[in-house]
Amino acid sequence: MYRYDSIDQQMIDDRVAQYRDQMARHLAGELSGDDLRPLRLQNGLYIQRHGPMHRIAVPYGMLASRQLRKLAEVSRRYDRGYGHFTTRHNLQFHWPKFEETPEILAELATVQMHAIQTSGNCVRNVTTDQFAGVAPDELTDPRPWCEIIRQWSTFHPEFAFLPRKFKIAVNAAASDRAVIRAHDIGLEFVRDPSGETGDSGFRVFVGGGLGRTPILGKVVREFLPWRHLLTYLDAILRVYNRYGRRDNAFKARIKILVQALGVEEFARQVEAEWAHLADGPATLTAAEFDRVAADFAPPPYAPLPDEDLGFSAHLRDDKAFAAWVRRNVHAHKVPGYAALTLSLKKPGVPPGDITAEQMEAVADLADRYSFGEVRVSHEQNLVLADVRKSDLHTVWTLARAQGLATPTVGLLTDMICCPGGDLCSLANARSVPIADAVQQRFEDLDYLHDIGEISLNISGCMNSCGHHHVSNIGILGVDKNDEEWYQVTLGGQQGNDTTIGKVIGPSFAAEEVPDVIEALIDVYLEQRTPEERFIDTLLRIGSEPFKARAYQGRDRRKPAANDSERKVANA
Amino acid sequence: MPRIIQNGAIVDDPRTPFRLPEGASPETVALPAGLTLLPLAVWLARRDDVLALGAPAGVWLDSNEGPEAIAADLGRIAVVGVNFPKFTDGRGYSTARLLRDRYAYRGEIRAIGDVLHDQLFYMKRCGFDAFALRADQNVEKALTAFRTFGNAYQAAVDQPQPLFRRRAA
């Protein structure tokens, strides 16, 4: 992974000093709470329901084992001995002390970590595929591009006070695992589609986003040669910075500007701006790409046969291991190797939470079996990307001892879930108890495996941190007269067929949610053909049978056709 | 006399932004005597009157006013003020960059309004060279803000070459 040189290091050390000075001036009464607020947010520090929350950047999800150990140490020293991985690869500490946050950042800087721009109305952490560099279906490794974007966005002087937050995601594989069309900018690595130049670059999507107004990004440019990446980003951001709405925070994301102008006019303005910037000094060089890419060179893989006899024997003899392999082990481009997911989902634990002991155990596993590196997935799990097949059984045994081997990746209980009303002050409702109720209800593994591939995501409010819009079944917490209710959406998808789900009708009480999910699953199990996933059956038979079953026997007005859409718009 | 930061030093400067009194019209308002910063509307309506007064002209742009409006006049404007109604309104950064990069403006660009210590570093990078800080700010201490970072990744006005073109080969 990328290693800082002395200049990169100086930059984050300077940042720690700046933040320390800002906090000191605040505590001395020289910097008001209002004036500090955007500054601390751009260093990841929120003030939430119970106090501060500190969001640490994990750029494009890459963690070295020593960084994970440092996070464990910091969580013990400055927090309550655990952390929470988010849907944007970051790690949150939920119980730090306000005045100790400069110390946290100073500690993290010693392992090339920081909390730069993990919040605030600026360019946030760039996200990508958790299988970058190892996925058999990728055209190229997206991480060098992510690192180049990270450096460009870090302390960008022109774009630190945008109308609203700004998220960029990069995909370089046939299968999009980074939900790029749900981002302000989605970059898809492509070869020149004209076939004339043989050049590589990006298809540029702009204006996607979840939140209160979910919209998928639209193509603003079919092909952007790679050397123009940064100048083109500058052009998009400048148009947004100048013309994005600032009068209403709910209408300030770039998606609203793209909608208001229409994508053609927006693209025209970007191109007009870019005409002045193209081929300027910020044009990327092959030398810079090579410098960054060298840090992402493949690790020293051993030449191995793709088949491993021991692995095959374990698969045959150990049913529990085989179930885990089926869900949690992923294809690797190098023979004899596999990538695996360490699940952070299980009953009794909020999705994405990890203890200090587990962090250290994962760091050990990474050192012994996966070249010392770990990735964070946007599904809030961890990934060891380079494990020998011959080691898989051992790694599984060790991971299981740490409670990190729930064999449910891609299944119903592999939920994405925000921290919700237990911690977050924006939330309308709690989300973690819902996730836990689902875990309890669906704990039978055979049943889960029988249901097969399905996504269930939970957000505690319209901000949609739990990505409920793009899951097959989405649960959204809403507040009605100070009571927690849950709206259900159906039909959302991520990946190449990214789709926004539709609300099925009036919301449900918390205790009803597991029943409703079970009702939806029942319809699928009754109607499916042998090859169909939940989403396939839903698309084939339509949502009506699902809706009917969800409300069957429930004392609730059957919604008029468009009733639910209006509700969302007015929420 | 207001103290501002100009080219890295604290100076007294009489030029303050003139705001159109309520009910007054740009066409007929009495022009202030001496050095001033005129609102864009007054400048556009009274350019010739202003230039006839002979003093080096100053104009200020609000955050929703782009530099395009004065692009053709820049040769006759000594100081462009860029107003920050709130420090979180970041449009002024793009305004300054356009003035320098697009229109090659070499006069003074002065940040006015909600101008605070902690934004000075970015402002300077974008081409501001004068800063009329909000009244409660410590101007002496603010001078240290220009040294916050020893380097920067991006190409900008103060350093047209991005770091990747400057890293030791």
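One line per residue, one yes/no per condition, for (1) within 14 Å of chain B (Cβ to nearest Cβ); (2) surrounded by fewer than 22 Cβ atoms within 10 Å (Cβ to Cβ); (3) of a type outside the set (Asp, Glu); (4) touching a helix residue (DSSP H, G or I) at 6+ places or on another chain (Cβ under 9 Å):
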| site | (1), (2), (3), (4) |
| --- | --- |
| A:8 | yes, yes, no, yes |
| A:49 | no, yes, yes, yes |
| A:62 | no, no, yes, yes |
| A:71 | no, no, yes, yes |
| A:92 | no, no, yes, no |
Check your understanding: Quick one: would you say residue B:119 is surrounded by 22 or more Cβ atoms within 10 Å (Cβ to Cβ) and of a type in the set (S, T, N, Q)?
Key -> yes
Practice item. Quick one: residue B:89 ticks every box in (1) under 24 Å from residue A:30 (Cβ atoms); (2) facing chain A (nearest Cβ under 10 Å); (3) crowded, with 22+ Cβ neighbours inside 10 Å except a single one, so which number is it? Key: (3)
Check your understanding: Does the range A:194-201 contain any residue that is buried (at least 24 other Cβ atoms within 10 Å of the Cβ), more than 14 Å from every other protein chain (Cβ to nearest Cβ) and in contact (Cβ under 8 Å) with a residue 40 or more places away in the chain?
Key -> no
Point to revise | Hits in the range A:249-274 (condition: within 14 Å of chain B (Cβ to nearest Cβ) and at pLDDT below 95) | key: A:249
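Of the residues A:385, A:399, A:437, which is at negative phi, under 21 Å from the mean Cα position of the chain (by Cα) and of a type outside the set (D, E, K, R)? Spell out the reasoning first.
Numbers: A:399 fails: under 21 Å from the mean Cα position of the chain (by Cα); A:437 fails: under 21 Å from the mean Cα position of the chain (by Cα).
Exactly one of A:385, A:399, A:437 is at negative phi, under 21 Å from the mean Cα position of the chain (by Cα) and of a type outside the set (D, E, K, R), namely A:385.
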Review point. Would you pick out the residues in the range A:515-540 that are surrounded by 18 or more Cβ atoms within 10 Å (Cβ to Cβ) and under 29 Å from the mean Cα position of the chain (by Cα)?
Key: A:516, A:517, A:519, A:520, A:521, A:524, A:534, A:535, A:537, A:538
Point to revise | Criterion (surrounded by fewer than 20 Cβ atoms within 10 Å (Cβ to Cβ) and either within 13 Å of chain A (Cβ to nearest Cβ) or over 25 Å from residue A:154 (Cα atoms) (or both)) met by exactly one of B:76, B:125 | key: B:76
Review point. Among the residues of the range A:151-175, which ones are hydroxyl-bearing (Ser, Thr, Tyr) and more than 7 Å from chain B (Cβ to nearest Cβ)?
Key: A:153, A:175
Point to revise | Pick from the range A:403-428, criterion modelled with pLDDT under 95 and assigned to a loop (DSSP other than H, G, I, E, B), ranking: surrounded by the fewest Cβ atoms within 10 Å (Cβ to Cβ) | key: A:425
Point to revise | Filtered residues of the range B:93-122 (kept if more than 9 Å from chain A (Cβ to nearest Cβ) and touching a helix residue (DSSP H, G or I) at 6+ places or on another chain (Cβ under 8 Å)) | key: B:99, B:103, B:105, B:107, B:109, B:111, B:115, B:120
Exercise for review: Show the residue pairs that are 6+ apart or on different chains and have beta-carbon atoms under 6 Å apart, the first residue being within the range B:136-158 and crowded, with 18+ Cβ neighbours inside 10 Å, the second being hydroxyl-bearing (Ser, Thr, Tyr).
Suggested key: B:153/A:154
Practice item. Just name the residue that is farthest from residue B:69 (Cα to Cα) out of those in the range B:7-34 that are in contact with a Gly (Cβ under 7 Å, 6 or more places away or on another chain) and surrounded by 14 or more Cβ atoms within 10 Å (Cβ to Cβ). Key: B:15
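Residues checked against (1) crowded, with 17+ Cβ neighbours inside 10 Å; (2) farther than 14 Å from residue A:431 by Cα; (3) assigned by TED's automatic domain parsing to the domain that holds residue A:178:
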residue: A:494; (1), (2), (3): yes, yes, no
residue: A:498; (1), (2), (3): yes, yes, no
residue: A:511; (1), (2), (3): no, no, no
residue: A:542; (1), (2), (3): no, yes, no
residue: A:552; (1), (2), (3): no, yes, no
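The values are calculated or read from the model by the stated rules, or taken from the named source; none is laboratory data. Please read all numbers here as calculations on a predicted model, not as lab measurements. Glycine gets a Cβ as well: all are built from the backbone with ideal geometry, and neighbour counts include every protein chain shown.
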